[in-house]
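The values are calculated or read from the model by the stated rules, or taken from the named source; none is laboratory data. All of these numbers come straight from a predicted model, not from anything done at the bench. Every residue, glycine among them, receives a Cβ derived from its backbone with ideal geometry; neighbour counts consider all protein chains shown.
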């Protein structure tokens, strides 16, 4: 009698298997590089930097655009950075706005200094992930000093453009309402469009960080891949965080009056983990490219095979 062939378990398609193995490799390398510890430092410094950065941008941009529209746009950006308690950040920015006269000329350098902390910590964290511990090797010290402020300038320009677009849309809608006694058909899409623009802005920001901030040279294509992976991960995790803190969280019961600070810090640390995971993706891709291996091949396993 001919024996029946042994039943085989259905296997995943090769692209999914390769992607899964690569993701596992990225995760193990991230943990080996103490990525969680690095993310804690980056998240803490983002918490120190984000309110001064927002306040600085609002104080400067409110001189040229409508303050209400500016805060509206910034509220959407805050939802992408601290999804559960974005209003806390905006309230802090409003408080600083109310006391803008107290800030004065001497206060602006202090805000600039605090705003740069996150970028400086991130530069050191990326140097560790890319195995370049000397953060100023091959780069002028002045370039490293000025890079955070260049990023802030770009962020301010993007925020200004978004605010001008919102102001223009509001003006066109008001004119349409006055002429035809009804709103524009697309007026209700302003918030979804802002969310889409914010996602694209996060993607562009991550890609720019991966391309410019590391001291090692990163190919633009890989920086874009890392930026897209990080932005996609953050968008999914952001929605999960919003649902969790709104429906399932026990943070208020555990931490009491400190709950808001804990939630904001936790959200920023999760964002820092994702940002550094995107960098680890690029580091693994760069490593394979240097060795002339396809992206899905594990160099360590390949080395063991050659030794055997």
* Going by the structure shown, is residue 143 at pLDDT below 70, under 20 Å from residue 223 (Cβ atoms) and assigned to a helix (DSSP H, G or I)? -> yes
* Asked: Considering only helices (runs of 4 or more DSSP H) fully contained in segment 216-302, which possess at least 3 residues that are on the phi > 0 side of the Ramachandran plot?
  -> none
* **Number of positions in segment 77-107 that are closer than 25 Å to residue 122 by Cα, at pLDDT below 70, touching a helix residue (DSSP H, G or I) at 6+ places or on another chain (Cβ under 7 Å) and part of a helix (DSSP H, G or I)** => 5
* **Condition broken by residue 226, with the remaining ones in (1) crowded, with 22+ Cβ neighbours inside 10 Å; (2) touching a residue at least 60 places away in the same chain (Cβ under 8 Å) satisfied** => (2)
